[in-house]
Amino acid sequence: MPPANQSVEACANYVVRISQTAVQRFAVESKRQARVPDVTTITKPWSDQIDELLGWLETEAQVTPDLKQRSKLDVVLGLMFRKPEYHFPRSIAERAETLYERFDSARWGAPIVVKTESSDEDGDSNGDEVMSDDPATSRGSLPGRRRQRQDSIIDSLTVSKVVKLPPADHPIWGVHGIMHGVARTITIKRDGRKRYWTKSDPRYLSEKRNANIHGHNGIEVGAWFPRQLVAILRGAHGELQGGISGSGESGAYSVVSSGAYDRTDRDRGNILLYSAAKSDENEDPRVPAQRSAALAASYVNRRPVRVLRSKGTSRFSPVCGLRYDGLYRVTDIQHPTNARGGMFEQFELTRVDGQMPLERALLRPNSQEVRDAARIEMVSKLMGVNFECIRHHLETAECLRAAIVGYRLLLRCSRER
């Protein structure tokens, strides 16, 4: 039962107890079965306790930084929807993700101070802007920049966290930009170390589209996304890291073909041979390393699956980011062996007729999107900038110029550190 009083200690003990007796046990069992466990006399009490916890968090709980720290509430909620190896029912995963985003946007109950912070931006003769998240930029070391006001949310508990909210008219990060809905976050540890990452912009969480829908879900074939987080916000895919979004109950909603398993996957354009995780590592000739209950269910129910391709080795892969290539159906399941002699599960996905031809979808990203992607990568990492997205298929002078400008800027930043 939920705590009778709202003291931090009682609430934290309640969350920890449910985490240990229900959430973690359900996660372990789902990983063992590689799917959402069936309702049995063993799993039903776990589901009931998890449902009780989520209901309490939705209606009664007063979340504070102290409660989060004592109970690891963020970890408990994340366990239900973030890790692809754990398979919670869709209703539970969606509720946990909604709660996580609600609490995270409210800084987990921490005092919020909204202030205007001066931030220097890179500029060029075309007036393009790049939202910067590196230490050199904040020190004013880059030339040719202009001052621009940005809103920041400051939170200093065990660490200092700055969420940079881009201006609405920014050409890349603004309302009409390709990174709309994404904010930049700087986490400053107590020892001064900094970490730079992206997260959902709390101002636009209401715009996030539910990805747990079969079919196109309002997304045009050929739509391109610079990051997987953007694809999630647009409703194209439902997992931040996992390649398969779905469940053993409803089937797969979407998959991302990344070329990570190029030894076991085969991309023929209209036919995609897609393998489960760790297929190239298995050495057991009789049992696959992992099974995909979601794709297996799609084979049975015949519901279409959205296929997104990300940058990879296939000639059908985009040069950067992710591209939505349309609906496919799971038409076959095979169990071949890999180079180590281990069995793996391989699904044949066949493109549904009547859609935009795949050849037209391959035109994305266009040259402007490639330039924008290069600029996003340039500000994402000060050292070791990922120029893979523009290393291949530099077909235009504009793309080459973007790469040269970004590389020169990187060298300038590194010298001034």
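Here are the numbers for this structure:
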| item | result |
| --- | --- |
| Residue count, the range 268-298 (criterion: at pLDDT 90 or above and under 27 Å from residue 359 (Cβ atoms)) | 9 |
| Search result, residues across the range 53-63 that are more than 26 Å from the chain's Cα centre (by Cα) and outside any helix (DSSP H, G or I) | 60, 61, 62 |
| Some residue of the range 321-339 being assigned to a loop (DSSP other than H, G, I, E, B), under 30 Å from residue 372 (Cβ atoms) and either of a type in the set (S, T, N, Q) or in contact (Cβ under 8 Å) with a residue 24 or more places away in the chain (or both) | yes |
| Selected residue (only one of 327, 349 is surrounded by 21 or more Cβ atoms within 10 Å (Cβ to Cβ) and closer than 28 Å to residue 283 by Cα) | 349 |
| Answer residue from the range 197-241, given it is modelled with pLDDT of 90 or more and of a type in the set (Val, Ile, Thr) and is nearest to residue 324 (Cα to Cα) among those | 221 |
| Residue in the range 285-300 that is part of a strand (DSSP E or B) and in contact (Cβ under 8 Å) with a residue 60 or more places away in the chain present | no |
| Subset of the range 65-84 [at pLDDT 90 or above and either open to solvent by less than 20 Å² (accessible area, probe 1.4 Å) or not in a helix (DSSP H, G or I) (or both)] | 67, 71, 72, 73, 76, 77, 78, 80 |
| Selection from the range 233-246 of residues that are outside any loop (DSSP other than H, G, I, E, B) and open to solvent by 10 Å² or more (accessible area, probe 1.4 Å) | 233, 244, 246 |
| Cβ pairs under 7 Å, 6+ apart, first in the range 60-78 and more than 14 Å from residue 2 (Cβ to Cβ), second of a type in the set (Lys, Arg) | 74/68 |
| Some residue of the range 39-49 being of a type in the set (Val, Ile, Thr), open to solvent by less than 80 Å² (accessible area, probe 1.4 Å) and either more than 30 Å from residue 291 (Cα to Cα) or in contact with a strand residue (DSSP E or B) (Cβ under 7 Å, 6 or more places away or on another chain) (or both) | no |
| Odd one out for residue 81, checked against (1) in contact with a Gly (Cβ under 7 Å, 6 or more places away or on another chain); (2) free of Cβ contacts under 8 Å to residues at least 24 places away in the same chain | (1) |
| Residue match in the range 174-184 (condition: at pLDDT below 85, within 20 Å of the chain's Cα centre (by Cα) and either among the charged types (D, E, K, R) or over 21 Å from residue 234 (Cβ atoms) (or both)) | yes |
| So residue 313, is it open to solvent by less than 30 Å² (accessible area, probe 1.4 Å), touching an Asp or Glu at 6+ places or on another chain (Cβ under 9 Å) and over 28 Å from residue 80 (Cα atoms) | no |
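Results for (1) outside any helix (DSSP H, G or I); (2) out of contact with any His (no Cβ under 8 Å at 6 or more places or on another chain), shown as yes or no for each residue.
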| site | (1), (2) |
| --- | --- |
| 16 | no, yes |
| 19 | no, yes |
| 23 | no, yes |
| 36 | yes, no |
| 41 | yes, yes |
| 51 | no, yes |
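The values are calculated or read from the model by the stated rules, or taken from the named source; none is laboratory data. What you are looking at is a predicted structure, and each value in this text was computed from that prediction instead of being measured. With ideal geometry, Cβ positions are generated from the backbone for all residues, glycine too; neighbour counts draw on all protein chains shown. All accessible areas refer to the heavy atoms of the entire protein, side chains included, with ligands and DNA or RNA removed. Shrake-Rupley method; radii C 1.70, N 1.55, O 1.52, S 1.80 Å.
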